[in-house]
1. Of all strands (runs of 3 or more DSSP E) completely enclosed by segment 206-305, which ones contain at least 1 residues that are in contact with a strand residue (DSSP E or B) (Cβ under 8 Å, 6 or more places away or on another chain) and closer than 30 Å to residue 13 by Cα?
2. Please tell me if residue 273 is modelled with pLDDT of 85 or more, buried (at least 20 other Cβ atoms within 10 Å of the Cβ) and farther than 16 Å from residue 65 by Cα.
3. From the list 106, 89, 125, which residue is out of contact with any helix residue (DSSP H, G or I) (no Cβ under 7 Å at 6 or more places or on another chain) and assigned to a loop (DSSP other than H, G, I, E, B)?
4. Would you pick out the residues in segment 63-86 that are free of Cβ contacts under 8 Å to residues at least 24 places away in the same chain and part of a loop (DSSP other than H, G, I, E, B)?
5. Cβ contacts < 7 Å: first residue in the same structural domain as residue 291 (by TED's automatic domain parsing) and without any contact (Cβ under 8 Å) to a residue 40 or more places away in the chain, restricted to segment 354-379; second residue buried (at least 19 other Cβ atoms within 10 Å of the Cβ) and assigned to a strand (DSSP E or B), any location; separation 6+ or different chain. Result?
6. Tally up the residues in segment 178-191 that are touching a helix residue (DSSP H, G or I) at 6+ places or on another chain (Cβ under 6 Å) and at pLDDT 80 or above, please.
7. Being under 15 Å from residue 76 (Cβ atoms) and touching a residue at least 40 places away in the same chain (Cβ under 8 Å) is true for just one of 246, 223. Which residue is that?
């Protein structure tokens, strides 16, 4: 990343000590004779919750952490929030951090929601005057107005979350850390949360979130870290990381275990993708094309175990990982019947209207439930050229029609 990241973790590991029932040292003699030995042993003992995590989160980026229960997700959030310290490695944060990790954390049950909001805002770095100035916005966002002066011990779990989130985002942090952000709360509050997150992204706030709602992860996050057993499986665009996680879960549910592979390619091998190519209308291979040209992404495959449940999919991403297009045969209405032998399938574009730049293609064949037969990340790269360096990804054919301003059209 060109600018200093908001969050950087380098070779981070976290080990929790596990002590015997009788305590650390059983006697004064044991302390005198074996204390140093015990301390040395503790370095290699205990439960390793995280092992060798490296990541960077840029300003304005939303980054998700996914994985099964017990994979180290909450431990990672607590390290970034400063609640825990790493056993090894370093955690660097540039700016003010606000964390929403545990329901009701930081709230005193005996005092009112108003007083809790003021105290929490001050603990997050605002002055009392600043909190009071923002209190109407906090109350409106949380929707707990009639209960603002009631003790929070009378609040429902949804009210806890709404008040805590409202205070956290009112502080306008540089880094927001949230665990299961929308797990509690009604649909109206969920919409308000999504709108506020979009505002924070535009403001440049880095957001680190954990969620078991994989659809929400794909909607909110640009990238994701997939953890399993405390170890990183992959860091990738959110859609790719979610696809790998879903495939692993589907494989385990089918009794096949997690599919083999690397962070760039995985699957159970029942079907293999032999080639992924970009071709023109005559079937000739392309690596560069002009914006708006016709083209197709052609996938050659070989079936090792015939299938009646199969979906072919393609995703196009910008070189920086930003998603451009993701589709598959099921989404487009095709019904799988039988897949056997070898063959080809093509995704055709009458006009590939992309802005100039370099693009990467992921290709996959998988079961409807997500089990990957073969999933290849960055199986293809191609470059789009254009006479004008339009920003973004989409560059449709267009024209200006002035009715009023005196203007000269472009030459040609």
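1. Numbers: elements: 206-210, 223-228, 231-237, 265-267, 271-279, 288-290, 295-303.
Where strands (runs of 3 or more DSSP E) fall fully within segment 206-305 and carry at least 1 residues being in contact with a strand residue (DSSP E or B) (Cβ under 8 Å, 6 or more places away or on another chain) and closer than 30 Å to residue 13 by Cα, they are 206-210, 223-228, 231-237, 265-267.
2. yes
3. On the way: 106 fails: out of contact with any helix residue (DSSP H, G or I) (no Cβ under 7 Å at 6 or more places or on another chain); 89 fails: assigned to a loop (DSSP other than H, G, I, E, B).
The conditions single out 125.
4. Of the residues in segment 63-86, the ones free of Cβ contacts under 8 Å to residues at least 24 places away in the same chain are 69, 78, 82-83, 85.
Selection gives 69, 82, 83, 85.
5. Qualifying pairs under 7 Å: 357/384.
6. Summing the residues that are touching a helix residue (DSSP H, G or I) at 6+ places or on another chain (Cβ under 6 Å) and at pLDDT 80 or above in segment 178-191 gives 1.
7. Details: 246 fails: under 15 Å from residue 76 (Cβ atoms).
That would be 223, the only listed residue that is under 15 Å from residue 76 (Cβ atoms) and touching a residue at least 40 places away in the same chain (Cβ under 8 Å).
Every residue, every condition in (1) modelled with pLDDT of 95 or more; (2) in a strand (DSSP E or B); (3) over 30 Å from residue 253 (Cα atoms), yes or no:
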{"residue": "368", "(1), (2), (3)": "no, no, no"}
{"residue": "377", "(1), (2), (3)": "no, yes, no"}
{"residue": "383", "(1), (2), (3)": "no, yes, yes"}
{"residue": "388", "(1), (2), (3)": "no, no, yes"}
{"residue": "398", "(1), (2), (3)": "no, no, yes"}
{"residue": "401", "(1), (2), (3)": "no, no, yes"}
{"residue": "405", "(1), (2), (3)": "no, no, yes"}
{"residue": "408", "(1), (2), (3)": "no, no, yes"}
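The values are calculated or read from the model by the stated rules, or taken from the named source; none is laboratory data. It should be emphasised that the depicted structure is a prediction, and the values quoted were computed from it without experimental measurement. Ideal geometry is used to build each Cβ from the backbone, glycine not excepted, and the neighbour counts take in all protein chains shown.
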